[in-house]
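What follows is calculated from the coordinates using simple rules that are stated; it is not laboratory data. Note that the structure is a prediction, hence the values are computed from the model and not measured. Positions of Cβ are backbone-derived with ideal geometry, glycine not excepted, and every protein chain shown enters the neighbour counts.
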Amino acid sequence: YEESSTVKKRSSREISEFRDEKEITVRGDHVPKPVYDFSEVNFTRNILERIKYKGFAAPTAIQSQSWPIVLSGLDMIGIAQTGSGKTLAYLLPAFEHIAAQPRLERNDGPIALVLCPTRELSIQVQEISAEFSQVCRLRSTCIYGGSAKGPQIRELTRGVEIVIATPGRLLDFLSYGTTNLKRCTYLVLDEADRMLDMGFEPQIRKIIEQVQPGRQTLMFSATWPKAVQNLARVFLTDPVQINIGKLTLQASHQIQQIIDVCLQTEKPNKLRDFLKSVLGDKNNKVLIFTDRKITCDHLVKDLRKDGILVSGIHGDKNQYEREHVLEEFRRGRCSVLIATDVASRGLDIPNIN
């Protein structure tokens, strides 16, 4: 990675003011300066053209600081909330990293590996990856539990440069010999705190043991608990840490939290009564979380019968459907959004009542 002449000219004071404005805190030795514009990063022309096509105005805070760090080959920890743009913060440097490696040969495993806690997040990351990997003439695939293994095995045996995976299913394929991590030199742990909460630490450790010791490792997390710190201490080498936002994360005091203990049979009517009271003001927006896709679909169907403008979003919806539903909700064209876990850590919607 080489700093552009524009970045080199920026003084320490300018950089400090930029970081303060964007609420970027960095810890580490010889941290590269952030970039302010996409043109200041030495991405390939195809990537820059795709960024322009997508209509992105400027790098997000985590992108502006992480790209120079990751492109320099350093290990990194990124602490940032949902909606920060972290996926492209690690994917775009992954494409550059892969381009600098020898081409895959027969029976080679991936060069880059992204571990995700859930099927929904892994699909979401794969959809973003596909938009950029195509223009880079790279192949990426997504493997996760709860679906047929056959198509995933065919993708892996055909050869892919990037694998986006949940730990359990990947470990299955590694134990079968379907793929291997001998070529893997770029490792990402996305939502590391969530993976540990879900009990994936043993699987993560077994997977990392099979990755090249000279790898570059990136860890992203919304929180920074002791368990995540311990994992970082073991598997990252002299990492630079980036925090986006306040260093101490806490629940918002502006949110009123109410718990209504009731029977399962009472929930539908209680929900309807609650929605009627909130939606008395037509400008109000309501976000409802469910634990299962089938529950999400049933709720949407039932509430529509009551004349409520409602839409649902879950992992079986494709990227276009999700974006369309979210845009309708943001613009107030539907009053109620029902979402499964795909949205609980992946949505950034202001002004929800």
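Across the range 5-244, Cα pairs under 8 Å and at least six residues apart give a relative contact order of 28 percent. The length gained by stretching the chain between THR157 and LYS52 to full extension, at 0.36 nm per residue less their Cα-Cα distance, is 34.4 nm. In this calculation the C-beta distance from ASP302 to GLU323 is compared with R0 = 25 Å, giving a FRET efficiency of 0.50. In this simple spin-label model, placing a label point 7 Å from the Cα along the Cα-to-Cβ direction at both SER12 and LEU271 gives a separation of 5.7 nm.
So what is the diffusion coefficient of the range 5-244 in µm² per second by Stokes-Einstein at 10 °C and 1.306 mPa s, using a Kirkwood Rh over Cα pairs?
Details: Rh = 18.2 Å.
Using the Kirkwood radius from Cα pairs, D works out to 87 µm²/s.
Set the Förster distance to 30 Å, then compute FRET efficiency between ARG45 and LEU309 from the Cβ-Cβ distance, nearest 0.05. Intermediate values should be presented prior to the final figure.
Working: r = 44 Å, r/R0 = 1.46.
Rounded to the nearest 0.05, the efficiency is 0.10.
When you filter the GluC sites (Glu not before Pro) in the range 22-83 for DSSP loop state and at most 16 other Cβ atoms inside 10 Å of their Cβ, you are left with GLU23.
With the simple model of a label 7 Å out from the Cα in the direction of the Cβ, ASP37 to LEU263 spans 6.6 nm. Here is the link list: LYS270/LYS305; LYS33/LYS86; LYS8/LYS86; LYS226/LYS246; LYS226/LYS293; LYS206/LYS293. Which ones come out longer than 26 Å on Cα distance? Result: LYS226/LYS293; LYS206/LYS293 exceed 26 Å.
Distance between the modelled labels on ARG330 and LYS246, one decimal in nanometres: 2.5 nm (7 Å Cα→Cβ projection). For the chain, modelled as a Gaussian network with Cα springs under 10 Å, which listed residue fluctuates most, LEU156, LEU104, LEU121? Comparing LEU156, LEU104, LEU121 in a Gaussian network model of the chain, the most mobile one is LEU104. Kirkwood-type hydrodynamic radius, the range 178-239: 12.1 Å, calculated from all non-identical alpha-carbon pairs.
Just the number, please: percent antiparallel of the DSSP beta bridges in the chain, rounded to the nearest 5.
Just about 10 percent of them are antiparallel.
Among the trypsin sites (Lys or Arg not before Pro) in the range 264-329, those placed in a DSSP loop whose Cβ has at most 12 other Cβ atoms within 10 Å are LYS282, ARG292.
The spacing between the range 71-136 and the range 148-167, judged by their C-alpha centroids, is 15 Å.
Could you identify which residue out of GLY159, GLY85, GLY199 has the top mean-square fluctuation in a GNM of the chain using Cα springs shorter than 10 Å? Fluctuation is largest for GLY199.
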